[in-house]
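A.B. asks: One structure is given below, represented as structure tokens, and several questions about it will come after.
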Amino acid sequence: MRRTLVFIPKRCYSPLPVDPLARFKTISQTSKAPKVLITGSLGQLGRGLNSVYKYMYGAECVTMSDIVKVPSDAHDVSSANYQFLDILNQSAIEEAVVNRNIDTIVHFSALLSAVGEQNVPLALQVNCRGVENVLQVAMRHKLKVFIPSTIGAFGPTTPRDDTPDLTIQVPTTIYGVSKVYAERLGEYYNHRFGVDFRSLRFPGIISATKPGGGTTDYAIQIFYDALEKGSHTCYLRPDTSLPMMYDTDCMASVVQFLSADNSQLKRRVYNVTGFSFTPEQIAGAIRKVMPNFQIDYKICETRQAIADSWPRSLDDSGARNDWGWNPEYGLDETVQVMFALLQREIAQKKGEGGEKQVTTA
Ligand SMILES: NC(=O)c1ccc[n+]([C@@H]2O[C@H](COP(=O)([O-])OP(=O)(O)OC[C@H]3O[C@@H](n4cnc5c(N)ncnc54)[C@H](O)[C@@H]3O)[C@@H](O)[C@H]2O)c1
């Protein structure tokens with residue numbers, strides 16, 4: 001088999017200017033430890049949130065759950081705090097809440113945009129019935145419940161630049177339709193039954209974990225491809241601008257929002273964002289540290305149509321003003337941290353930690 005030389009960025013990265021954990025320390029010092037159940041916790045976002053909560057309050061404060069087996073390399077997940085939980089089974093959710101004395105559910109189980117289009121009945125089950133089950137249990141046991149929404153909850157008739165919190169929401173994907181349903185149903189359970197429902201509309205999240213089938217996945221894959229091949233074939237047009245956010249900012253938005261006092265909240269659903277870029281712009285940011293990086297394009301019509309119906313940028317001034325949301329990572333910082341993390345991951349996988357160049361078969 002041919003061995004391919006992997007492209008290594010020209011410079012080594014110095015630590016980022018911010019202490020990435022300072023925000024979490026501050027929150028943990030000023031708020032009581034929650035007992036959190038994370039559904040769909042083995043997906044892109046769940047493991048990061050588990051680590052953050054463990055760092056803040058200790059391992060006992062989080063129960064992770066999903067319907068898949070824990071991967072063998074997931075050293076951050078212990079069998080003591082992981083359990084099988086199908087969110088289509090309402091009594092199983094209730095059992096977990098009672099047995100583990102849960103006071104907060106972070107409901108991450110979902111079928112994302114590209115995957116949802118391939119299986120509409122399953123998307124309706126997981127994204128709608130799952131939300132209904134979680135809200136019913138939250139109502140019965142007086143829980144705080146966080147259900148993320150998405151830029152996919154907007155549509156082609158929404159103003160696409162600086163999209164505000166309150167605007168037209170007529171999405172054209174089943175993912176978007178189910179997320180608008182989750183937003184409205186959560187608000188209904190809040191005003192009708194007093195459920196402490198909270199939701200943030202996330203942009204595409206960039207993390208060093210494999211994404212779950214969304215339209216913004218290329219913004220993660222591009223880093224893996226850069227390190228493994230020195231090039232990336234993008235399924236979106238070079239000028240497709242979408243809002244994005246780095247993982248640590250995403251985790252900070254969840255824990256900060258959940259720890260905010262109810263009196264600070266003027267709404268139950270807020271936009272949050274980091275920065276917007278096009279494939280061309282992220283390729284340019286990567287070239288600053290890897291000058292030979294190449295990008296070409298093979299457009300996927302399904303994902304392009306979805307991206308063209310989404311906002312180019314989000315207005316998150318409501319979150320900033322009401323509960324102090326303040327992202328710390330821009331595009332260049334994200335590129336730095338992604339390369340640092342993925343280089344370490346690739347080196348660890350190949351048992352070559354510390355080597356300057358990596359080869360793949
Ligand atoms: N990742 C992003 O860029 C992004 C952007 C906007 C919003 N969000 C939202 O954040 C949440 C988490 O996203 P993610 O990227 O981690 O998703 P993901 O696809 O990576 O993970 C979803 C998890 O849900 C689990 N799941 C599926 N069916 C289930 C069932 N019946 N019962 C229990 N679990 C089930 C899957 O096994 C998977 O581990 C989702 O609600 C998503 O809509 C994510």
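A.B. asks: Hey, got the Cα dimensions of region 208-353 along the principal axes, in Å, largest first?
C.D. replies: The Cα atoms of region 208-353 stretch 51, 39, 26 Å along their principal axes.
A.B. asks: While we're here: Exposed loop sites here are GluC sites (Glu not before Pro) in DSSP loop states with at most 16 other C-beta atoms within 10 Å. What is the longest stretch of the chain lacking them?
C.D. replies: 1-351
A.B. asks: Now for a different question. Given Cβ point charges of +1 (Lys, Arg) and -1 (Asp, Glu) and nothing else, what value in debye, to the nearest 20, does the dipole of the chain about its Cα centre take?
C.D. replies: So the magnitude is around 380 debye.
A.B. asks: Using a Cα-Cα cut-off of under 16 Å, which aspartates and glutamates could be cross-linked to residue 69, ignoring same-chain neighbours fewer than 8 residues away?
C.D. replies: The reachable aspartates and glutamates, counting only those whose Cα sits under 16 Å from residue 69, are 86.
A.B. asks: With both partners inside the chain, how many of the DSSP beta bridges are antiparallel, as a percent to the nearest 5?
C.D. replies: Antiparallel: roughly 15 percent of the beta bridges in the chain.
A.B. asks: Now, a different point. Using a Gaussian network model of the chain whose springs link C-alpha atoms within less than 10 Å, name the residue from 339, 146, 84 with the highest mean-square fluctuation.
C.D. replies: Checking each option, the largest mean-square fluctuation is seen for 84.
A.B. asks: Projecting each Cα onto the charge dipole of the chain (Lys/Arg +1, Asp/Glu -1 at the beta carbon, about the Cα centre), which of 262, 38, 314 comes out farthest on the positive side?
C.D. replies: In the chain, that residue is 38.
A.B. asks: What are the residues whose amide H is under 5 Å from the amide H of residue 83, where those residues sit 5 or more places off or on another chain and H is modelled from the backbone?
C.D. replies: 64, 65, 66
A.B. asks: Go ahead and set up a Gaussian network model of the chain, Cα springs under 10 Å, then flag whichever of 193, 202, 154 fluctuates most.
C.D. replies: Highest fluctuation of the listed residues: 193.
A.B. asks: What are the extents of the Cα atoms of region 4-360 along their three principal axes, listed from largest to smallest and rounded to whole Å?
C.D. replies: 57, 46, 39
A.B. asks: Could you run the Karplus curve 6.51 cos²θ - 1.76 cosθ + 1.60 with θ = phi - 60° over region 311-322 and give me ³J(HN,Hα) per residue in whole Hz, x for Gly and Pro?
C.D. replies: x, 7, 8, 10, 8, 10, 5, x, 5, 5, 6, 7
A.B. asks: Once amide H atoms are placed 1.01 Å from N in the peptide plane, what residues at a sequence separation of 5 or more from residue 234, or on another chain, have their amide H within under 5 Å of its amide H?
C.D. replies: For residue 234, the qualifying residues are 296, 297, 298.
A.B. asks: Amide H neighbours of residue 201 under 5 Å, at least 5 residues apart or on other chains, H built in the peptide plane: list them.
C.D. replies: 149, 270, 271, 272
A.B. asks: While we're here: Would you mind pulling out the separation of the Cα centroids of region 278-343 and region 206-231, in Å?
C.D. replies: 11
A.B. asks: What residue among 200, 342, 258 shows peak mean-square fluctuation when the chain is described by a Gaussian network model with Cα springs under 10 Å?
C.D. replies: 342
A.B. asks: A follow-up question, please. As a check on your grasp of the helix formula, calculate [θ] at 222 nm for the chain: sum -39500 (n - 2.57) over DSSP H runs of n ≥ 4, divide by the residue count, round to the nearest 500.
C.D. replies: It comes out at -12000 deg cm²/dmol, rounded to the nearest 500.
Quick note: the coordinates plus some simple rules give every number you see, no bench work behind them. Please read these numbers as outputs of a predicted model, since none were measured by experiment. Ideal geometry is used to build each Cβ from the backbone, glycine not excepted, and the neighbour counts take in all protein chains shown.
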